[in-house]
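The values are calculated or read from the model by the stated rules, or taken from the named source; none is laboratory data. Every value quoted in this text rests on a predicted model; they were computed, and no experiment measured them. Here the Cβ is made from the backbone with ideal geometry for all residues, glycine too, and neighbour counts use every protein chain on show.
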């Protein structure tokens with residue numbers, strides 16, 4: 001048997017050396033992978049702790065805001081006019097969980113009552129409000145028009161409708177702005193004490209408005225289209241009526257006895273049994289049932305200008321006041337969903353016309369004269 005040549009031995013040595021070096025590199029890579037894994041686990045635990053801490057702080061902040069709902073912060077108040085009417089811009093306004101980059105307020109007196117004018121940002125459609133009540137009225141450049149709020153004129157149709165249409169969150173934001181302006185208005189402003197008193201009066205009036213139906217958001221949860229029946233199922237976020245508050249409030253605006261080529265003259269308001277949380281009314285009861293489960297419903301007949309008064313009378317006085325306020329807000333609610341770009345099976349105007357008829361039927365049946373849309 002021949003002995004390996006010197007060249008073969010040299011090649012074998014090189015192979016062994018390469019294997020050794022490769023083994024060392026693999027061991028080094030494995031060590032580095034273990035180090036990276038340990039670092040990742042360390043950062044993962046740190047991230048978990050940070051998330052836990054963040055949730056804890058958010059919970060504490062929510063508790064503080066719940067205890068002090070009128071707490072307001074702002075960066076600065078710029079006085080633009082220190083003579084009547086006084087005008088100021090509040091920069092970095094924060095109230096509750098709402099933050100607004102800038103709010104423009106003008107304080108004046110109308111018919112011996114304090115009034116505040118909210119001017120939307122120039123060349124901007126984002127007003128910082130959830131719903132700018134002036135829509136669909138807009139200026140020539142497409143921006144929302146200024147709003148004049150006169151709480152003392154609540155009984156006047158236009159002023160009252162404006163105040164009733166504001167969301168609870170937006171109303172709280174205006175009250176916060178009054179607080180910021182009162183404290184931040186320039187000390188050199190003539191009659192400053194008088195203007196501060198007017199702002200305090202406005203804030204108190206806005207906080208003491210009679211209970212009306214308010215909600216911070218609305219979305220179309222479901223649309224049902226059958227040959228003889230249709231409904232729009234709405235979900236309202238943070239709905240309220242006076243002291244009654246619902247994180248989520250659901251109801252259906254439905255149309256019975258739909259005919260081909262002709263929309264319904266028999267609208268209904270349906271209030272399904274909530275999966276959780278409080279019912280929509282104190283005296284809610286299972287009036288009927290459908291594929292979605294038990295529901296309380298109020299039926300109308302626009303052709304006869306009538307409604308189911310028996311079911312209505314089963315509600316408590318506060319329930320009835322709440323339902324009246326909700327019905328008054330239906331045209332605005334439909335408009336707010338429409339401007340979201342939501343597509344439905346029939347023109348929105350069909351539903352608006354049906355709601356006007358519903359309002360008229362209710363007003364006629366209950367002999368009311370003050371319900372908006374009724375005649």
**Report entry** Within the stretch 321-366, tally of residues that are more than 24 Å from the chain's Cα centre (by Cα) and assigned to a helix (DSSP H, G or I)
**Finding:** 14
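Condition check ((1) closer than 30 Å to residue 345 by Cα; (2) without any contact (Cβ under 8 Å) to a residue 40 or more places away in the chain; (3) in the same structural domain as residue 348 (by TED's automatic domain parsing)) across all residues:
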position: 179; (1), (2), (3): no, no, no
position: 185; (1), (2), (3): no, no, no
position: 194; (1), (2), (3): no, yes, no
position: 198; (1), (2), (3): no, no, no
position: 218; (1), (2), (3): yes, no, yes
position: 222; (1), (2), (3): yes, yes, yes
position: 227; (1), (2), (3): yes, yes, yes
Requested in this report: Answer yes or no as to whether residue 190 is surrounded by fewer than 16 Cβ atoms within 10 Å (Cβ to Cβ), in contact (Cβ under 8 Å) with a residue 60 or more places away in the chain and out of contact with any strand residue (DSSP E or B) (no Cβ under 8 Å at 6 or more places or on another chain).
Outcome: yes
